[in-house]
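The values are calculated or read from the model by the stated rules, or taken from the named source; none is laboratory data. Keep in mind that this is a model prediction, so the values were computed, not measured. Note that each Cβ is placed from the backbone with ideal geometry, even for glycine, and that neighbours are counted across all protein chains shown. Side chains are part of the model used for accessible areas, which takes the heavy atoms of the whole protein and leaves out ligands, DNA and RNA. Shrake-Rupley method; radii C 1.70, N 1.55, O 1.52, S 1.80 Å.
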Amino acid sequence: MEHHFNVQLACHFGVNAAVIARNFQYWCAKVEANESAEHFHDGRYWVYNSRRALAKLFPYLSEKQIRTALEALVLAGVLLKGHFTKGSLNRTTWYSYNGAEWALSQLSEEERNALGL
């Protein structure tokens, strides 16, 4: 399996967070392409995975490293976090990729003007 990441995210948050963000970007795009109603909440597409499952996908990361990366990405707004599973006992956390919006927010006024934003 190959893992990819955004260099801008890696420079800001480290490679671990950038790899995890790319994974959520991929899965959010996939459920959007499939127009999955189950994954559509609050006007955007969301996916979920436990830290344990993510540790299996990324065997070079510990659950603690994954938790730290997720917390940093959510705090910065690269990933959005929600709870959409029905039932009060289910604490499944859903994530939506917001990296494109985050990247735009990092542009200087001069860069925004050059891009016509």
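Given the conditions (1) of a type outside the set (G, A, S); (2) surrounded by 15 or more Cβ atoms within 10 Å (Cβ to Cβ); (3) closer than 13 Å to A21 by Cα, which single one is not true for T93?
It is condition (3) that T93 fails.
Residue by residue, here is whether (1) in a helix (DSSP H, G or I); (2) not small (G, A, S) holds:
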| residue | (1), (2) |
| --- | --- |
| A21 | yes, no |
| Q25 | yes, yes |
| E32 | yes, yes |
| E38 | yes, yes |
| P59 | no, yes |
| K64 | yes, yes |
| V74 | yes, yes |
| T85 | no, yes |
| S96 | no, no |
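Does the range 29-38 hold any residues that are open to solvent by less than 30 Å² (accessible area, probe 1.4 Å) and either within 20 Å of E101 (Cβ to Cβ) or in contact with a strand residue (DSSP E or B) (Cβ under 6 Å, 6 or more places away or on another chain) (or both), and which are they?
Matches in the range 29-38: V31 only.
From the list V19, V78, which residue is modelled with pLDDT of 90 or more, open to solvent by less than 30 Å² (accessible area, probe 1.4 Å) and closer than 22 Å to M1 by Cβ?
V19
Write out, first by first residue and then by second, each pair whose Cβ atoms fall under 8 Å of each other, whose residues are 6+ apart or on separate chains, and whose first residue, in the range 75-92, is of a type in the set (G, A, S) while the second is at pLDDT below 90 and open to solvent by 40 Å² or more (accessible area, probe 1.4 Å).
A76/H12; G77/E101; G77/S105
Read through the list (1) open to solvent by less than 60 Å² (accessible area, probe 1.4 Å); (2) modelled with pLDDT of 95 or more; (3) closer than 19 Å to H4 by Cα, then give the number of the only condition that W102 fails.
(2)
Could you say which residue among Y60, Y48, Y26 is open to solvent by 80 Å² or more (accessible area, probe 1.4 Å), modelled with pLDDT of 95 or more and not β-branched (V, I, T)?
Criteria check complete, one pass: Y60.
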